[in-house]
1. Order of 39-48, 83-92, 115-124 by packing, highest average Cβ count within 10 Å first?
2. When only Cα pairs under 8 Å and 6 or more residues apart are kept, what is the percent relative contact order across the chain?
3. So, in Å, what gap is there between the alpha-carbon centers of the range 1-20 and the range 42-58?
4. Of the listed values (1) 26.6; (2) 15.4; (3) 18.4, grab the one calculated as Kirkwood radius over Cα pairs in Å from the structure here.
5. What's the magnitude of the charge dipole for the chain around its Cα centre, counting Lys and Arg as +1 and Asp and Glu as -1 at the beta-carbon? Answer in Debye, nearest 20.
Amino acid sequence: MSWVLWVTPIVLLCLGLPIYLCFLAGSIAALLFVTSVPTSIVPQVMFGSVDSFTLLAVPFFLFTGELMGRGAIADRLVKWCMALFGGVRGSLGLVTVGSCVVFGAISGSSAATVASIGRMMYPQLRENGYGEKF
C-alpha cells in the first residue's frame with residue numbers, strides 16, 4: 001500500500017510535473033486503488049482536517065504583522081531593542097530570532113510567526129545591512 005504513495009509522486013516528479021500535482025495524484029491513486037475508504041467520506045475528512053482553531057488564528061496574525069509593519073510600532077520596537085542590545089554584534093538578527101522563538105512558543109503556529117515577525121522585521125533587517133539570505 002505505501003509503495004503507491006512513494007512511487008507515484010517520485011515518477012511524476014521525474015516527469016516534470018509540479019510538486020502539488022505529484023502529491024495530489026499519489027494521494028488519489030492510493031485512495032482509489034489501495035484503500036477501501038468510500039469516496040463519499042473524503043470531503044468530510046478534508047473539511048475536518050482544516051477545521052481547527054490554530055488555522056483560524058493565522059489570518060489574524062497576518063493582519064497584526066501587516067499593521068505592525070505599516071505602522072510606527074515596528075520602528076519603535078526595533079529602536080527599543082537596539083537600545084538594549086545595540087552593543088552586541090548582530091544584535092538585530094538576535095532580536096529577530098529571539099522574538100520568533102517567543103512568538104512561536106506563544107502562538108504555536110510557525111506560519112503565523114514567520115508571517116507576522118517577518119513582515120515586521122524584514123524591512124528593518126534590510127535597512128541595517130543584513131543580506132537577502134539572512
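No value in this document is a laboratory result; all are computed from the given coordinates. Keep in mind the model is a prediction, meaning the values are calculated, not measured. Using ideal geometry, Cβ is built from the backbone for each residue, glycine included, and neighbour counts are taken over all protein chains shown.
1. Ranking the peptides 39-48, 83-92, 115-124 by packing returns 115-124, 83-92, 39-48.
2. 23 percent
3. Centre-to-centre distance over Cα atoms comes out at 25 Å.
4. It is the value labelled (3).
5. 380 debye
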